[in-house]
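For reference, the structure discussed in these notes is given below.
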Amino acid sequence: MNGETHSQLASFIWSICNLLRGPYKRNEYRKVILPLTVLRRFECLLEPTRQKVLDEHQEWKTKPERVQQARLQSVSGHRFYNLSRMQFCLPGENIHSLLDDPDNLALNLNSYITVFSPNVRSIMEKFKFSDQIAHMAEKNILFEVIKAFAKVDLSPKRVDQLQMGYVFEELIRIGAEQANEEAGEHFTPREVIKLMVNLLLAPEDDLGNSHVVKTIYDPACGTGGMLSVAEEYIRQLNRDAQPKLFGQDWNDEAWAVCKSDMLIKGEDADNIILGDTFKNDGFDRNSDGMKWTFDYMLANPPFGVEWKQQQKHIRQEADMLGFEGRFGAGTPRINDGALLFLQHMISKMRSIEKGGSRIGIVFNGSPLFTGDAGSGESEIRRWIIENDWLEAIVAMPEQLFYNTGIATYIWVLTNRKEAHRKKRVQLIDARNFWVQMEKSLGNKRRRIGDPEDKPKDPDHIAEITRIYENFSDGETGTFTIDGKEKKLVVSKVEQAIERLQEYRTALITAAVTGKIDVRYAADSHGQFGMAAEEAETYG
């Protein structure tokens, strides 16, 4: 199935939303569509081994539960199974369809779900799908909705594993757009993720090695978009590569979507953990008791979210463990935990002897701007610079995200910088690399150009990646601003220093953002180079 076909299939599934109008608002459709897509796909995958699993269960049902699960997964050929004799399909000969008994459909559908393997049951519980079944039954739309989904052929002959992953991602994207007032909490625009992944993986020479294994981790994984795009990128480079995905999120619905996506694509969904990353680190120690580390880490943590609920735990860890824990460098102000996520990720970097790690994270301006000398933010920045981990900061266009129009930045960090990057930080001004959206989606009015998504777009992702790879001090680009062409500096390379002076930090920040003290000038578009020169003076 080609890309056009999977988009058509996703559109068809969403067209079923017409049946939900009235009882549901647009931003609630995903509460029905996503779990039903999961159930229908699982039904189609399990069909060939259905009877064999039922027979095997009769022989193994007296065994310990974990033994049963392992055996039934082996027989089903998947990481899940179902023990119901009812089927989520249209009625037919020798078929015990859920639709055979309309009066008891809600009861039977719940029963059908409760005899799935525990991993699927937990997903449906976090979707709170039993509530949706009751609501649809009350509004007399349950039968027609289930009937419509039963017509959708999601068998592997029709939709292979890779394409099903694309279909599900498309549904997630559409659902996020429809719920745009809250989507930014769970969904990062795909072009932003692609840019981050490109920056993170561009210098990696070993990705072409046969059967190379790479671990990828997102501590605020939401619906799993960053993990999926990173995996896709690696597989495009090397079809024999073996990316292993790991993530954690505390939002029930986002976790359920991400875990569903992993199961749909045949990944190890047990590597997606539900819980508060700060209070209950799902990847503290592995089964061998060793500290978890990863090759690549990506995150778009919530902007400006306070960490008061986790304050006691975080400060206790910082005081008791220091740099043996995650927060030895200090803690930021209580109303923004962004730098806590970054410290958490840094704590999971592999040693250089074991290959090191690379990190990409999206921030708003707070981690750059806030905190006077000696503050928690200042000390965390100092610690990062002194260890020479900060490789690049990319200032992105405004109005990229669904739930905010503010300026955002990608930070790239690594403990294995290439020789020519050591003791240097690259500042990339990508604020003018954007295309106007045909239709605004919440606060998202712009996108970074990506011809793979929109064929007429300029290839901004490739251009920003090229600027990063060039690592050139003073590189310029020409942009049309307010109807006039302007040549602007898009890349500066700054010498890192042993101890980061706060004045220099402010100037480097200004070099990226253009938000410079009025004494330097009024035209923010022209200040990139001037601020960088001032930074040199005071360095």
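The values are calculated or read from the model by the stated rules, or taken from the named source; none is laboratory data. Computed from a prediction, not measured in an experiment: that's the story for all the values here. No Cβ is skipped: glycine too gets one built from the backbone with ideal geometry, and neighbour counts run over all protein chains shown. To get the accessible areas, we keep the full protein, side chains included, count just its heavy atoms, and leave off ligands, DNA and RNA. Shrake-Rupley method; radii C 1.70, N 1.55, O 1.52, S 1.80 Å.
Of note:
Yes/no per residue for (1) under 18 Å from Lys291 (Cβ atoms); (2) hydroxyl-bearing (Ser, Thr, Tyr); (3) touching a strand residue (DSSP E or B) at 6+ places or on another chain (Cβ under 6 Å):
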| site | (1), (2), (3) |
| --- | --- |
| His313 | no, no, no |
| Asp336 | no, no, no |
| Ser378 | no, yes, no |
| Glu391 | no, no, yes |
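- Residue count, region 293-315 (criterion: in contact (Cβ under 8 Å) with a residue 60 or more places away in the chain and either in contact with a helix residue (DSSP H, G or I) (Cβ under 8 Å, 6 or more places away or on another chain) or outside any strand (DSSP E or B) (or both)): 11
- Of Phe363, Phe294, Phe278, all but one fail to be among the aromatic types (Phe, Trp, Tyr), surrounded by 15 or more Cβ atoms within 10 Å (Cβ to Cβ) and closer than 15 Å to Thr215 by Cα; the exception is Phe294.
- Subset of region 137-162 (residues that are within 17 Å of Val32 (Cα to Cα) and assigned to a helix (DSSP H, G or I)): Ala137, Glu138, Leu142, Phe143, Glu144, Val145, Ile146, Lys147, Ala148, Phe149, Ala150
- Residue satisfying all of: in region 56-66; loosely packed, with under 11 Cβ neighbours inside 10 Å and not basic (Lys, Arg); nearest to Gly266 (Cα to Cα) among these: Glu65
- Residue list for region 463-485, restricted to those being open to solvent by less than 80 Å² (accessible area, probe 1.4 Å) and under 18 Å from Arg446 (Cβ atoms): Glu463, Ile464, Gly477, Phe479, Ile481, Gly483
- Taken over region 316-340, the criterion of being of a type in the set (D, E, K, R) and either in a loop (DSSP other than H, G, I, E, B) or surrounded by 13 or more Cβ atoms within 10 Å (Cβ to Cβ) (or both) is satisfied by Glu317, Arg326, Arg333, Asp336.
- Any hit, region 252-259, residues being aromatic (Phe, Trp, Tyr), touching a Leu at 6+ places or on another chain (Cβ under 9 Å) and in contact (Cβ under 8 Å) with a residue 24 or more places away in the chain: yes
- Members of region 342-366 found to be part of a helix (DSSP H, G or I) and modelled with pLDDT of 90 or more, listed by number: Leu342, Gln343, His344, Met345, Ile346, Ile352, Glu353, Lys354
- On inspection, Phe369 fails the criterion of being touching a strand residue (DSSP E or B) at 6+ places or on another chain (Cβ under 9 Å) and either at pLDDT 95 or above or more than 20 Å from Glu469 (Cβ to Cβ) (or both).
- Annotation: of all residues in region 216-271 being among the basic types (Lys, Arg) and more than 13 Å from the chain's Cα centre (by Cα), the one that is nearest to Phe168 (Cα to Cα) is Lys265.
- Qualifying residue in region 182-201 (condition: β-branched (Val, Ile, Thr), out of contact with any strand residue (DSSP E or B) (no Cβ under 9 Å at 6 or more places or on another chain) and either at pLDDT below 90 or assigned to a helix (DSSP H, G or I) (or both)): no
- Answer residue from region 111-136, given it is in a helix (DSSP H, G or I) and among the β-branched types (Val, Ile, Thr) and is nearest to Gly266 (Cα to Cα) among those: Val120
- In region 382-407, residue surrounded by the most Cβ atoms within 10 Å (Cβ to Cβ) [restricted to those that are in a loop (DSSP other than H, G, I, E, B) and of a type in the set (Gly, Ala, Ser)]: Ala407
- Single residue of Gly165, Gly175 found to be at pLDDT below 80, open to solvent by less than 10 Å² (accessible area, probe 1.4 Å), outside any loop (DSSP other than H, G, I, E, B) and closer than 16 Å to Ile33 by Cβ: Gly175
- Qualifying residue in region 217-237 (condition: at pLDDT below 95, assigned to a loop (DSSP other than H, G, I, E, B), open to solvent by 50 Å² or more (accessible area, probe 1.4 Å) and out of contact with any Gly (no Cβ under 6 Å at 6 or more places or on another chain)): no
- Search result, residues across region 187-215 that are among the hydrophobic types (A, V, I, L, M, F, W, C) and either more than 17 Å from the chain's Cα centre (by Cα) or closer than 25 Å to Ile273 by Cβ (or both): Phe187, Val192, Ile193, Met196, Val197, Leu200, Leu201, Ala202, Leu207, Val212, Val213
- The condition of being touching a residue at least 12 places away in the same chain (Cβ under 8 Å), closer than 23 Å to Ala176 by Cα and open to solvent by less than 60 Å² (accessible area, probe 1.4 Å) holds for only one of Leu20, Leu109, Leu46, Leu98, that being Leu20.
- Candidates Phe327, Phe323, Phe278, filtered to the one that is within 24 Å of Phe401 (Cβ to Cβ) and of a type in the set (Phe, Trp, Tyr): Phe278
- Against the criterion of being open to solvent by 70 Å² or more (accessible area, probe 1.4 Å), closer than 24 Å to Asn119 by Cβ, of a type in the set (D, E, K, R) and at pLDDT below 95, Lys25 does not qualify.
Condition check ((1) among the small types (Gly, Ala, Ser); (2) modelled with pLDDT of 95 or more; (3) farther than 18 Å from Leu162 by Cβ) across all residues:
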| site | (1), (2), (3) |
| --- | --- |
| Gln248 | no, yes, yes |
| Ala256 | yes, no, yes |
| Lys265 | no, no, no |
| Asn286 | no, no, yes |
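- Scope region 408-430; condition under 25 Å from the mean Cα position of the chain (by Cα) and in a loop (DSSP other than H, G, I, E, B); matching residues: Thr408, Asn415, Arg416, Lys417, Ala430
- Subset of region 420-446 that is in contact with a strand residue (DSSP E or B) (Cβ under 8 Å, 6 or more places away or on another chain) and over 20 Å from Leu488 (Cβ atoms) - its residue that is most open to solvent (accessible area, probe 1.4 Å): Lys423
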